[in-house]
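Visitor: Here it is, the structure in full.
The values are calculated or read from the model by the stated rules, or taken from the named source; none is laboratory data. Computed from a predicted model, the values in this text were never measured in an experiment. When we count neighbours, we look across all protein chains shown, and the Cβ atoms used for this are built from the backbone with ideal geometry, even at glycine.
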Amino acid sequence: MKKFLLFVLALTIVFSAYTVAFAAKKIGISMPTQSLERWNRDGEYLKAQFDQAGYETQLTYSDNKNDQQVNDIDNMISWGADLLIVAAIDGDGLNTAMDRAAEAGIPVIAYDRLIGNDAVTYYISFDNYTVGVLQGKFIEAALGLKNADGKVFNIEFTAGDPADNNAGYFFRGGFDTLKPYIDSGVLKVISGQTAFQQVATAQWSTDTALARAQNILGSYYADGTILHAWLANNDSTAAGVTQALDSDYAGDNAVIVTGQDGDIANLANIVDGKQTMTVYKNVANEAVVTLEVSKALLNGEVKGEELVKSFPVECAYDTTSYFTSPGHYTPSFLLVPTVVTKDNLDYLVDTGLYVKGEDGYLKAK
Ligand code: GAL
């Protein structure tokens with residue numbers, strides 16, 4: 001009997017050790033808001049990737065409220081998260097939550113937007129500066145700025161949320177590309193608003209972008225002055241700009257409008273000729289890369305250079321571009337964005353994530 005009890009005890013010990021060793025690791029996924037289309041896709045893809053790989057997940061959206069995001073992350077830490085994946089609302093607003101994560105020894109992946117705290121273990125995003133460069137170069141080519149032959153073109157700028165670490169990169173990428181033409185007088189910004197803080201849009205809000213665009217059109221273009229291009233750094237702000245052009249622009253030329261993300265409403269505007277391009281970032285691939293980095297991280301070792309070679313998508317491993325505090329560089333995995341216009345909308349269909357309806361508009365699958 002004693003032997004039997006010992007045997008049962010031994011079995012129980014072995015079984016509990018097995019359960020502990022193989023208990024699913026917990027992944028906390030904190031997204032900023034559901035009010036912008038892309039984050040819904042990010043949340044959905046990330047959760048699906050991790051669930052399918054056998055992890056336990058918790059996904060939250062914080063309604064673009066920093067305090068709520070701090071709270072959501074705190075709850076994930078208390079839940080016993082083994083890894084946090086965070087797309088920050090305010091890159092400088094998460095210090096208390098990040099410090100708690102560091103104290104608890106929980107690694108953090110800054111997803112898409114970098115967080116200004118050294119607790120960040122890895123950064124996974126697209127090459128943000130390049131996004132802006134692609135928008136600037138698109139305008140350069142569309143207006144033929146390289147061979148302007150004495151012609152002068154008018155342009156306005158709309159940037160993103162100053163609390164979002166990406167917004168400055170997008171703006172600088174676009175502005176740096178076009179600055180030589182502004183300096184030489186080929187491009188004019190009639191409103192005079194060329195500083196990031198002047199053109200920024202809190203929370204990337206469509207309504208805020210709309211109100212500012214209406215104001216500019218009313219103040220500087222109501223006399224029939226022609227506007228040739230509006231560089232908007234993403235789709236939610238481009239939506240505000242195109243609405244303002246519809247309602248408040250006196251000219252009848254098609255103004256070139258840029259964007260970013262490939263949101264469904266903006267893709268429809270591209271088909272209709274109201275928006276000219278979007279910089280598409282395949283967030284399903286961003287989720288794949290995030291899963292692969294997370295697996296390596298949870299297994300103890302991330303060999304960045306080797307890892308990127310194994311990815312099914314193009315991705316750079318970068319250790320010198322992004323830092324969380326002076327001198328503290330964050331190893332980063334940067335995917336490659338693509339320009340989408342009316343002419344290559346099928347590129348999106350080919351990703352398998354969109355379908356084209358009989359009406360010619362794209363829908364998410
Ligand atoms: C940025 C992101 C963009 C865009 C924007 C608004 O951080 O990289 O793709 O979605 O936020 O949500």
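Visitor: Of the residues that sit in the range 185-205 and are closer than 24 Å to residue 133 by Cβ and not in a loop (DSSP other than H, G, I, E, B), which one is nearest to the chain's Cα centre (by Cα)?
Guide: Among those that are closer than 24 Å to residue 133 by Cβ and not in a loop (DSSP other than H, G, I, E, B), it is 204.
Visitor: Out of curiosity, is residue 261 at pLDDT 95 or above, charged (D, E, K, R) and under 16 Å from residue 38 (Cβ atoms)?
Guide: Judged against the criteria, residue 261 is a match.
Visitor: So, in the range 149-160, exactly how many residues are surrounded by fewer than 22 Cβ atoms within 10 Å (Cβ to Cβ), of a type in the set (A, V, I, L, M, F, W, C) and within 12 Å of residue 256 (Cα to Cα)? Don't jump to the end; show me each part of the working.
Guide: Within the range 149-160, the subset surrounded by fewer than 22 Cβ atoms within 10 Å (Cβ to Cβ) is 149-154.
Filter again for of a type in the set (A, V, I, L, M, F, W, C), leaving 152-153.
Of the ones still in play, those that are also within 12 Å of residue 256 (Cα to Cα) are 153.
Here the count works out to 1.
Visitor: For a quick check of your reading of the model, give me the residue pairs whose first member lies in the range 163-175 and is touching a residue at least 40 places away in the same chain (Cβ under 8 Å) and farther than 16 Å from residue 187 by Cβ, whose second is near the ligand (Cβ under 9 Å from one of its atoms) and among the acidic types (Asp, Glu), with beta-carbon atoms closer than 6 Å and at least 6 apart or on different chains.
Guide: 167/161
Visitor: Also: Among the residues of the range 306-338, write down those that are of a type in the set (A, V, I, L, M), crowded, with 18+ Cβ neighbours inside 10 Å and under 23 Å from residue 37 (Cα atoms). Lay out the reasoning, then the answer.
Guide: We begin by selecting, within the range 306-338, every residue of a type in the set (A, V, I, L, M); these are 307-308, 313, 316, 334-336.
From what is left, the residues that are crowded, with 18+ Cβ neighbours inside 10 Å are 307-308, 334-335.
334, 335 - these are the residues of the range 306-338 that are of a type in the set (A, V, I, L, M), crowded, with 18+ Cβ neighbours inside 10 Å and under 23 Å from residue 37 (Cα atoms).
Visitor: Hey, another quick one. On the basis of being small (Gly, Ala, Ser), more than 16 Å from the ligand (Cβ to nearest atom) and either in contact with a strand residue (DSSP E or B) (Cβ under 8 Å, 6 or more places away or on another chain) or assigned to a strand (DSSP E or B) (or both), does residue 209 make the cut? Let's see the steps before the verdict.
Guide: Values: small (Gly, Ala, Ser): yes; more than 16 Å from the ligand (Cβ to nearest atom): no; either in contact with a strand residue (DSSP E or B) (Cβ under 8 Å, 6 or more places away or on another chain) or assigned to a strand (DSSP E or B) (or both): yes.
No: the conditions fail for residue 209.
Visitor: Sticking with this structure for a sec: For the range 33-86, name all the residues that are over 17 Å from residue 295 (Cα atoms), without any contact (Cβ under 8 Å) to a residue 24 or more places away in the chain and away from the ligand (no atom under 16 Å from the Cβ).
Guide: If the condition is that a residue be over 17 Å from residue 295 (Cα atoms), without any contact (Cβ under 8 Å) to a residue 24 or more places away in the chain and away from the ligand (no atom under 16 Å from the Cβ), then 67, 68, 71, 75, 78 are the ones that fit.
Visitor: Tell me, please, whether a residue that is touching a helix residue (DSSP H, G or I) at 6+ places or on another chain (Cβ under 9 Å) and farther than 21 Å from residue 83 by Cα can be found in the range 323-335.
Guide: Yes, the range 323-335 contains at least one residue that is touching a helix residue (DSSP H, G or I) at 6+ places or on another chain (Cβ under 9 Å) and farther than 21 Å from residue 83 by Cα.
Visitor: Residue under question is residue 339, and the condition is that it be touching a residue at least 24 places away in the same chain (Cβ under 8 Å), of a type outside the set (D, E, K, R) and closer than 22 Å to residue 174 by Cα; does it hold?
Guide: Working: touching a residue at least 24 places away in the same chain (Cβ under 8 Å): yes; of a type outside the set (D, E, K, R): yes; closer than 22 Å to residue 174 by Cα: yes.
The answer is yes for residue 339.
Visitor: To continue, here is another question. Out of curiosity, is residue 146 surrounded by fewer than 19 Cβ atoms within 10 Å (Cβ to Cβ) and assigned to a helix (DSSP H, G or I)? Break it down into steps so the answer makes sense when it comes.
Guide: Details: surrounded by fewer than 19 Cβ atoms within 10 Å (Cβ to Cβ): yes; assigned to a helix (DSSP H, G or I): yes.
In short, yes.
Visitor: Please verify whether residue 111 is within 16 Å of the ligand (Cβ to nearest atom) and either touching a Gly at 6+ places or on another chain (Cβ under 8 Å) or closer than 22 Å to residue 33 by Cα (or both), treating the condition exactly as stated.
Guide: Details: within 16 Å of the ligand (Cβ to nearest atom): yes; either touching a Gly at 6+ places or on another chain (Cβ under 8 Å) or closer than 22 Å to residue 33 by Cα (or both): yes.
Criteria met by residue 111.
Visitor: Scan 239, 222, 268 and give me the residue that is within 12 Å of the ligand (Cβ to nearest atom) and either loosely packed, with under 15 Cβ neighbours inside 10 Å or under 30 Å from residue 365 (Cα atoms) (or both). Give the steps one after another, and end with the answer.
Guide: Numbers: 222 fails: within 12 Å of the ligand (Cβ to nearest atom); 268 fails: within 12 Å of the ligand (Cβ to nearest atom).
After applying the criteria, what remains is 239.
Visitor: Output the residues belonging to the range 149-179 that are in contact with a Phe, Trp or Tyr (Cβ under 6 Å, 6 or more places away or on another chain), over 20 Å from residue 228 (Cα atoms) and either β-branched (Val, Ile, Thr) or part of a loop (DSSP other than H, G, I, E, B) (or both).
Guide: Matches in the range 149-179: 160, 161.
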